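Quick notes on the structure that follows.
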Amino acid sequence: MTETADAAGPPAYPMPRTCPFALPEQYARLREEEPLARVLLPTGREAWLATRYEDVRRLFTDANLSADRVHPGFPALLSGQQAIDRRGFLPWMDPPEHTTYRRMVISEFTVRKVETLRPAVTRTVQECLDRILAGPRTVDLVQELALPVPSLTICELLGVPYGDREVFQSRARLMTDRNTSGPDRLNSLVELRAYLHGLVLRRQAEPREDLLSRLAVRYREAGVEDAEHLTGMALLILVAGHETTANMIALGTAYLIEHPDLRDTLVKDPSLVPKAVEEMLRYFSISDHSTGRVALADIELGDTTIAAGEGVLLSNAAANRDARAFERPEEFDLSRESPSHVAFGYGIHQCLGQNLARLELDVVFTALLARLPDLRLAAPLAELPFKNDTIMYGLHELPVTW
Ligand code: HEM
């Protein structure tokens, strides 16, 4: 594989979103003209970028594609990623290891299990809104609602003291920021691991009524007791469980404010909120940069061969706006019945927390529209700090007023 490219070489990836609610402009052309295209990564390596819905789904289920970030051909976007201690990181594992550990945790995230969290999530959301309504009439919705709701929920679920949130929120921010240097990223991870490792040892010694304790018992029963492995799993759930949903809450709120007809429709008929959430997931596809793979053998796709050892980026964002799969894909359409979007990925690594994310987003938007139906932006849309510098799209801040 070529290590670098000259000025006439492949386009640089990630590609910027020039309009906050649109995808990178190049995606539409690539999807039509070059559905499997060469791109240049920040590391100087090249990889393939897949942009069509059918291709992306087919690649997500290809057993010859590995998710192992430590493989030298993996299309890493972040510096320092390949030096990371990967023990316990589910999305970095391949079968059979992945199957063993996913089985261990999957029962905690079924629709039925997650539904039992609805009262607690509702209470958290209502308390956040109480505080917002009792305070000054301009707030940063990221700090006051978008971050606390998923953070508190995931902390309660895992058994991580919420009082320690600064430890993990600050480290998680550094870990997912593309501008963080390799050594700083490693350092954040080491610190977060050390914090969680202490907690894991305490839960192994004295199990409580929380997910971490239940996992400790399950690991022991399965004969795979390993505090480092469990620490990695906890770290992953903690980070994946709050950054993602927080970004969706902030982006979704900004979108509703900017589209008053849609907002009014939802205010009049809150039963449509789950439909709106599904369409937001498809439309924003915030995890477009976290679905890389590396080929373990040659893979034929159309008339192109992905050679063994080459990296592939599966663009769920481009796939989710493919007109072959979605009618009028650029429209935000509450009546959409077309196939499932791939915003949560597809295949064996499909998002473990998707039912939890859906529940949190449903509760947040239903309550927000009921209690603050006339929310407005407190700064022009063009001046909002959209996250073009992290692997997860979203908003750093969302100043609002009412
Ligand atoms: C995997 C997106 C919320 C935990 C994934 C993947 C995507 C994704 C695209 C697949 C990665 C791949 O194929 O390599 C999202 C989005 C979310 C969200 C858009 C919010 C709207 C959550 C939450 C949790 C979570 C709340 C908390 C438990 C995970 C885990 C995996 C994963 C553990 C790895 C699963 C595996 O490898 O088997 N997520 N996620 N996610 N997500 Fe989420």
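The values are calculated or read from the model by the stated rules, or taken from the named source; none is laboratory data. Computed from a predicted model, the values in this text were never measured in an experiment. Cβ coordinates were reconstructed from backbone atoms using ideal geometry, including for glycine residues, and neighbour counts include every protein chain displayed.
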Exercise. Give the residues of region 189-208 that are surrounded by fewer than 15 Cβ atoms within 10 Å (Cβ to Cβ) and either touching a Pro at 6+ places or on another chain (Cβ under 8 Å) or aliphatic (A, V, I, L, M) (or both), sorted by residue number.
Key: V190, A194, L201, A205
Quiz item: How about region 153-192: which of its residues are of a type in the set (D, E, K, R) and within 16 Å of the ligand (Cβ to nearest atom)?
Solution: E156, R165
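Out of all the residues in region 271-284, is one or more among the small types (G, A, S), farther than 17 Å from D62 by Cα, in a helix (DSSP H, G or I) and free of Cβ contacts under 8 Å to residues at least 40 places away in the same chain? Please lay out each step first, then the result.
At the first step, the residues of region 271-284 found to be among the small types (G, A, S) are 271, 276.
Checking the rest, the ones that are also farther than 17 Å from D62 by Cα come to 271, 276.
Now restrict to residues that are in a helix (DSSP H, G or I): 271, 276.
Adding the requirement that they be free of Cβ contacts under 8 Å to residues at least 40 places away in the same chain leaves 271.
Yes, some residue in region 271-284 is among the small types (G, A, S), farther than 17 Å from D62 by Cα, in a helix (DSSP H, G or I) and free of Cβ contacts under 8 Å to residues at least 40 places away in the same chain.
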Self-check item: Of the criteria (1) without any contact (Cβ under 8 Å) to a residue 40 or more places away in the chain; (2) under 25 Å from T231 (Cα atoms); (3) out of contact with any Lys or Arg (no Cβ under 8 Å at 6 or more places or on another chain); (4) exposed (fewer than 12 other Cβ atoms within 10 Å of the Cβ), which one D130 fails
Solution: (2)
Self-check item: Which listed residue is at pLDDT below 95 and under 23 Å from E360 (Cβ atoms), from D140, D164, D130, D184
Solution: D164
Quiz item: Looking at L256, L262, L238, which is the one that is of a type in the set (A, V, I, L, M, F, W, C), modelled with pLDDT under 95 and assigned to a helix (DSSP H, G or I)?
Solution: L238
Exercise. Select, from S335, S287, the only residue that is outside any helix (DSSP H, G or I) and more than 20 Å from P24 (Cα to Cα).
Key: S335
Practice problem: Being over 14 Å from Y255 (Cα atoms), among the acidic types (D, E) and away from the ligand (no atom under 16 Å from the Cβ) is the filter here, so list the residues in region 331-378 that pass it. | Solution: E337
Quiz item: Among E300, E327, which is the only one that is surrounded by fewer than 13 Cβ atoms within 10 Å (Cβ to Cβ) and either outside any loop (DSSP other than H, G, I, E, B) or within 12 Å of the ligand (Cβ to nearest atom) (or both)?
Solution: E300
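Restricting to region 272-297, and then to whatever is within 17 Å of A76 (Cα to Cα) and more than 14 Å from the chain's Cα centre (by Cα), can you tell me which residue is surrounded by the most Cβ atoms within 10 Å (Cβ to Cβ)? Even if it seems obvious, please write down each step before you answer.
Start the filter on region 272-297 by keeping residues that are within 17 Å of A76 (Cα to Cα), which leaves 287-296.
Keeping just the survivors that are more than 14 Å from the chain's Cα centre (by Cα) gives 293-296.
Numbers: R293: 29, V294: 24, A295: 22, L296: 17.
My answer is R293.
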